[in-house]
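To start, the structure under review is shown below, and the notes come after it.
The values are calculated or read from the model by the stated rules, or taken from the named source; none is laboratory data. Remember, predicted model here, so these are calculated numbers, not experimental data. All Cβ positions, glycine included, derive from the backbone under ideal geometry; neighbour counts span all protein chains shown.
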Amino acid sequence: MSDTINLRKLPPLKALKGFETAARLQSVRGAAEELSLTHPAITHQIQSLEESLGTKLFARDGRNVILTTEGKLFYPYVREALEKLIDGTEAVRRATRSQPLRIQVYVTTSIRWLAPRLSQFRKDHPNIRLHLMTCSSGWDFNEADADIGFIFRDKPVQPHLHWSKLFESKLFPVCSPLLTQGKEGQLQPEDLLNYPLITVYSEVWSWDDWFKATNASPCEKTNSIIVDTLAIALEMALKGEGVALVNGVSADDDLKSGRLIQPVDYIVDGLGEWGVVCRKDICNDERVVTFINWLSMETSKS
């Protein structure tokens, strides 16, 4: 690997695809259609290649093109080189597919929503292995350790990342029906101050934002419980120990089953959106596309 290669001797590599396709089909127009390029684009590729080599590679034969003597000499080398590149590319892709697809997801979202649904994904896609990587704090995508992030954002992602929106944010309170004697959607925002408000320490602003958005009168939240994660907040809410504030799908299953209710019929939206993020260079990977499409389908059911 220490021997150097004189790369200056190489012809324009981008033009090799146009040359190979036109030679194989004996048609510039056919090459343009196969490569989804314009006729002038293929012509320009061939011309740049001929200028680099200092010789004509094609001759006209009616509406078709045929290889010159020099073109016939050059073609098998180009064909073999492209086939070698394809073999190498597929070898890397196979090696990549053998590794688990690393999914970054928040702890609560993983425990209460994603993990219970993965058994069906594994049945439908047995060849795709997943590695869930949970993070308990911070909203941002950790691209150094994960391939895909199922996250919330309130600002644009970085230019080199690809974002697929799943749904708008929705901030709303939930509690056990036992806590409010079954008063689902019947309480006013101010009424919640009569109950313990469970606050996640990294999101202490969330209750203030929710009360402000409901146009509730300014009031002191003296009956507040601070916890580490939303997962703990929801467990406490399920046991009737207070009211938790949810953003996302983490409480959807408990709401559908009736284990939790919305005591106030008010949802604050427009604070951001949930979606899937990954690097742009892998956004068309078959495994990535499969998982994103599955996640989109599952979240649309919630």
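Is one or more of the residues making up the range 200-210 assigned to a helix (DSSP H, G or I) and aliphatic (A, V, I, L, M)? No - not one qualifying residue is present in the range 200-210. Please verify whether Arg287 is touching a residue at least 12 places away in the same chain (Cβ under 8 Å), in a loop (DSSP other than H, G, I, E, B) and of a type outside the set (Val, Ile, Thr), treating the condition exactly as stated. Judged against the criteria, Arg287 is not a match. The set of residues from the range 39-51 being of a type outside the set (Asp, Glu) and either under 13 Å from Pro12 (Cβ atoms) or surrounded by 12 or more Cβ atoms within 10 Å (Cβ to Cβ) (or both) comprises His39, Ala41, Ile42, Thr43, His44, Gln45, Ile46, Gln47, Ser48, Leu49. For the range 111-131, the tally of residues that are in a loop (DSSP other than H, G, I, E, B) and surrounded by 13 or more Cβ atoms within 10 Å (Cβ to Cβ) stands at 3. For residues in the range 195-213 being modelled with pLDDT of 90 or more and either basic (Lys, Arg) or more than 18 Å from Val268 (Cβ to Cβ) (or both), which is surrounded by the fewest Cβ atoms within 10 Å (Cβ to Cβ)? Filtering the range 195-213 for residues that are modelled with pLDDT of 90 or more and either basic (Lys, Arg) or more than 18 Å from Val268 (Cβ to Cβ) (or both), the one surrounded by the fewest Cβ atoms within 10 Å (Cβ to Cβ) comes out as Tyr195. Pairs are defined by a Cβ separation below 9 Å, a sequence spacing of at least 6 or placement on different chains, a first member in the range 70-93 that is under 19 Å from Pro11 (Cα atoms), and a second member that is hydroxyl-bearing (Ser, Thr, Tyr); the pairs so defined are Glu70/Thr55; Gly71/Thr55; Phe74/Thr55. For the range 232-283, a tally of residues being assigned to a helix (DSSP H, G or I) and within 22 Å of Leu193 (Cα to Cα) returns 8.
If you check Val92, Val105, which single one turns out to be buried (at least 18 other Cβ atoms within 10 Å of the Cβ) and either in contact with a helix residue (DSSP H, G or I) (Cβ under 6 Å, 6 or more places away or on another chain) or β-branched (Val, Ile, Thr) (or both)?
Working: Val92 fails: buried (at least 18 other Cβ atoms within 10 Å of the Cβ).
Val105 is the lone residue from the list that is buried (at least 18 other Cβ atoms within 10 Å of the Cβ) and either in contact with a helix residue (DSSP H, G or I) (Cβ under 6 Å, 6 or more places away or on another chain) or β-branched (Val, Ile, Thr) (or both).
The requirement of being among the small types (Gly, Ala, Ser), touching a strand residue (DSSP E or B) at 6+ places or on another chain (Cβ under 8 Å) and within 21 Å of Leu230 (Cβ to Cβ) is not satisfied by Gly258.
Selection within the range 140-178: residues that are of a type in the set (A, V, I, L, M) and assigned to a loop (DSSP other than H, G, I, E, B). The member of this set that is surrounded by the fewest Cβ atoms within 10 Å (Cβ to Cβ) is Ala144. Out of Gly71, Gly54, Gly18, one residue alone is surrounded by fewer than 19 Cβ atoms within 10 Å (Cβ to Cβ) and in the same structural domain as Ile86 (by TED's automatic domain parsing). It is Gly54.
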